[in-house]
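To start, the structure under review is shown below, and the notes come after it.
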């Protein structure tokens with residue numbers, strides 16, 4: 001399986017930039033692992049939308065969209081730990 005490219009929407013980019021270095025490092029490491037096989041390493045939100053996924057990465061909750069046609073995982077929402 002090909003590794004998917006990771007992309008972040010503007011809101012997710014802002015949250016990522018505001019993370020402390022340790023949390024961001026764990027998050028990016030875990031997201032790289034998810035990008036290797038996003039359908040197997042994340043959970044579908046709805047059966048009717050199999051490309052909209054959820055994952056816990058580096059202690060953060062993230063919502064992402066998988067696009068197999070352009071081999072990209074786009075992170076659209078990140079919730080950092082309290």
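Which length gain, in nm to one decimal place, applies between residue 36 and residue 76 when the Cα-Cα distance is subtracted from 0.36 nm times their residue separation?
Fully extending the segment from residue 36 to residue 76 adds 12.6 nm.
If you work out percent of Cα pairs over 14 Å apart from the coordinates, which of [x] 58; [y] 73; [z] 82 do you get?
The listed entry that was calculated here is [x].
Need one number: nm distance between label points at residue 23 and residue 51, each 7 Å from Cα along Cα→Cβ, rounded to one decimal.
Taking the simple label geometry, residue 23 and residue 51 are separated by 3.0 nm.
Stretched out fully, how many nm does the piece from residue 9 to residue 43 gain, at 0.36 nm a residue minus the Cα gap?
Result for the pair: 10.3 nm of gain on full extension.
Kindly express, to the nearest 10 degrees and within the range 0 to 90, the angle between helix 21-36's C-alpha long axis and the longest C-alpha principal axis of the chain.
Approximately 10 degrees, to the nearest ten.
Rounded to the nearest 500 deg cm²/dmol, what is the calculated helix-only ellipticity per residue at 222 nm for the chain, with -39500 (n - 2.57) per DSSP H run of length n ≥ 4?
That calculation yields -9500 deg cm²/dmol at 222 nm.
How long are the semi-axes of the equivalent ellipsoid of segment 36-82, defined as square roots of 5 times the Cα gyration tensor eigenvalues? Whole Å, largest first.
18, 11, 9
FYI, it's all coordinate maths here, none of it is from the lab. Because the structure is predicted, anything quoted here is derived from the model rather than measured. Don't worry about glycine lacking a Cβ; one is built from the backbone with ideal geometry, like all the others, and counts go over all protein chains shown.
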